[in-house]
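For reference, the structure discussed in these notes is given below.
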Amino acid sequence: MTLLLTGYEPFGDHDRNPSKAVARDLDGEEVADREVVGRVLPVEFDRAGEEMTELIEDHDPAAVVATGLAAGRAAVSVERVGVNVADCAGVPDNADAEPRDERIRDEGPAAYFATLPVARVVGDLLDAGIPARVSNTAGTHLCNHVLYRTRAHVEREGLDIPAGFVHLPLTPEGAASKARDGEAESGGAVPPSLPLGIQREAVRRAFEATLERGE
Ligand code: PCA
C-alpha cells in the first residue's frame, strides 16, 4: 500500500511553496514500510479537489496527508477540521478564481474532522524537537477546501483511511524573500520560518504517528 502526500504549486505573492518541495522530495521514499506517492496539486479551486479524488482512486493509499503553505505561522500546524466554506480572502487562486462566502457543497455538512490522530502527531513532533501544534482552522482558502473535499470523498466511498491536512511555515529562504519585499532593512518584521529539512522530517513523522494508530 502507498501513502498519499500532496503539496501545492506556488500561489499569490509566494514564488515558492515548501509543500511542493516536500511532496517532491518524499515521492518514492519508504515511510513506515509503505511507499510515499508525492504529488503537487494546482492552486485552483476548480481542479484541486478533483485531482485529489483521482489520486486516492488511483493509488489506494493507507493514509492521506495533504500539505500547504501557511505563511506567518511559526509551527507545523496539524489541522483538526475542514469547514464547508470557500472564501479566497482576497488572494485569487492561480486561475484567478476568487470565491467569496461560498459553500463547497450546498447540501454538505458544516465541517468534517480530519481523521489523522492530530494530537498524537503533534506530540510526536514536539518530542522530536519540531515546533508543531494542533490548528483549529485551516482558513477558507484552498487548503481548507481540499481537506473538506478529501474527507467528504473518503466518507462517501466508505474508505477506512486516515486523512488530513498539515500546514507548513515558510522556509528561511521564503521568509528572507518576504523580508526583502518588506521593510526589514528599515527595522520591519520578518515572518517566522522552518528549514525545509525539518518540514520534510515533520511530514515523514506525521505519517509514522498516524500509522502507529492501533498497531
Ligand atoms: N496554501 C493555501 C493554498 C495553497 C497553499 O499552499 C492555503 O493555506 O489555503
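Where a number appears in this text, it was derived from the coordinates with a stated rule and is not lab data. Because the structure is a prediction, the values reported are computed rather than measured. Positions of Cβ are backbone-derived with ideal geometry, glycine not excepted, and every protein chain shown enters the neighbour counts.
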May I ask what percent, to the nearest 5, of DSSP beta bridges between residues of the stretch 60-215 are antiparallel?
35 percent
Neighbour counts of other C-beta atoms within 10 Å: give me 124, 93 arranged from fewest to most.
124, 93
Along each principal axis, Cα extent of the stretch 57-215, largest first, Å
55, 39, 27
Distance in nm between pseudo-label sites at residue 179 and residue 2 (7 Å out along the Cβ direction from Cα)
3.9 nm
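Got a sec? How would 140, 210, 53 order by Cβ neighbour count within 10 Å, fewest to most?
So the ranking, lowest neighbour count to highest, is 53, 140, 210.
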What FRET efficiency, computed as 1/(1 + (r/R0)^6) with R0 = 35 Å and r the Cβ-Cβ distance, is obtained for residue 155 and residue 29, rounded to the nearest 0.05?
0.80
Could you compute the net charge surrounding residue 69? Neighbours are other residues with a C-beta less than 12 Å from the C-beta of residue 69; K and R count +1, D and E count -1.
+1
Output the relative contact order of the chain, whole-number percent, from Cα pairs under 8 angstrom with separation of 6+ residues.
26 percent
Run through the stretch 152-215 and list the trypsin sites (Lys or Arg not before Pro) located in a DSSP loop whose Cβ has at most 13 other Cβ atoms within 10 Å.
213
Given a 10 angstrom Cα cut-off, can you work out which residue in 79, 155, 183 is the most mobile in a GNM of the chain?
183
Proxy exposure order for 115, 67, 150 (fewest C-beta within 10 Å first) is 115, 150, 67
